[in-house]
Amino acid sequence: MQATDFNLGNATFENYVGQTEGFSEMGFQMVAHVLTVGYAVMFAALIYFILTIKTVQPKYRTTAVLSVVVMVSAGLLLFIQAQNWIDAFTFDAERGRYFLADGTALFNNGYRYLNWLIDVPMLLFQILFVVTLTKSSFSSVRNRFWISGTLMIVTGYIGQYYEVTNPTIFFIWGFISTVFFVDILITMKKVIKEGSEGIPKDAARYMGYIWTIFFFSWMLYPGAYLMPYLIPPGLEPSLTGLASEAAVVGRQITYTIADVSSKVVYGVLLTIVAQIMSNADGYDYNRDGDTV
């Protein structure tokens, strides 16, 4: 039996392209490289968050601890996914392209969803340890973040298994996930608005940056989820031609940019806000950092 003859079932889009069309050297290496850069950035940021924990007052340090946990989780799972990509496809010298090797090592975007299931609640909780809510209840916002974040990831995880075999189910689960996604955006906007009241002007300015990067990075995720249908636009994903490879490469680049923006850049901006507010309270790292 040829390596391309086995039934893929509910495997994700990348596997179908790897079975039918395969990937050029450029396309294959671009995905491998972007996944490698993804986990490298996470591990580099891990060092940053560890080294800056004491640059803020103790009451703000929980956000840095959460960033450390997020970087470890994201870095390890992206490393696993990078290895998964390399293991799933093999180079065919006769055809000059990378094809799905066999049915035992399929590429799976589910690793990202498992990572998000760990990271998303913590990412959303982080800001609550920096801002002071003036109208909303801390526990109410925390629970709303946790419930919407978890359900958004779980429903999206289910939907991604049907992106080739049953587009209707794929879009239904995607729509359900989007409902929770929108709720998170609304809640985060409310938190940032309340948290920007009565704080130093520089801190408020960075809170505005946080909303911008949060909105930008989170809007990339639905685009990556729908990528097989966006290139070219249609009701069915294209499994052949340049469009199929472009969709695979575009999806992995988009997911990685979103992950770096929503985790690393977001965490760094939160750290800067905490540092500004610590300084405004009279905290001096050079004086108090090793004793508090």
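Only residues that are buried (at least 19 other Cβ atoms within 10 Å of the Cβ) and assigned to a helix (DSSP H, G or I) were counted across the range 164-179, and they come to 4. A single entry from Tyr161, Tyr157 fulfils the requirement of being out of contact with any helix residue (DSSP H, G or I) (no Cβ under 7 Å at 6 or more places or on another chain), surrounded by 17 or more Cβ atoms within 10 Å (Cβ to Cβ) and in a helix (DSSP H, G or I): Tyr161. The set of residues in the range 226-256 that are buried (at least 18 other Cβ atoms within 10 Å of the Cβ) and in contact with a Ser or Thr (Cβ under 8 Å, 6 or more places away or on another chain) comprises Met227, Pro228, Ile231, Pro237, Ser238, Ser244, Glu245, Ala247.
Filtering Ser148, Ser136 for residues that are touching a helix residue (DSSP H, G or I) at 6+ places or on another chain (Cβ under 9 Å), in a helix (DSSP H, G or I), small (Gly, Ala, Ser) and open to solvent by less than 40 Å² (accessible area, probe 1.4 Å) leaves a single hit, Ser148.
The conditions of being in contact with a helix residue (DSSP H, G or I) (Cβ under 7 Å, 6 or more places away or on another chain), closer than 30 Å to Arg97 by Cβ and of a type in the set (Ser, Thr, Tyr) are not met by Tyr16. Given the criteria at pLDDT 95 or above, farther than 21 Å from Pro228 by Cα and not aliphatic (A, V, I, L, M), does Tyr60 qualify? Judged against the criteria, Tyr60 is not a match.
Residue count for the range 197-223 satisfying the condition of being under 13 Å from the mean Cα position of the chain (by Cα) and open to solvent by less than 50 Å² (accessible area, probe 1.4 Å): 8.
The values are calculated or read from the model by the stated rules, or taken from the named source; none is laboratory data. Just so we're clear, the structure is a prediction, and the values are computed from it rather than from any experiment. With ideal geometry, Cβ positions are generated from the backbone for all residues, glycine too; neighbour counts draw on all protein chains shown. For the accessible areas, the whole protein counts, side chains as well, though only heavy atoms, and no ligand, DNA or RNA atoms are used. Shrake-Rupley method; radii C 1.70, N 1.55, O 1.52, S 1.80 Å.
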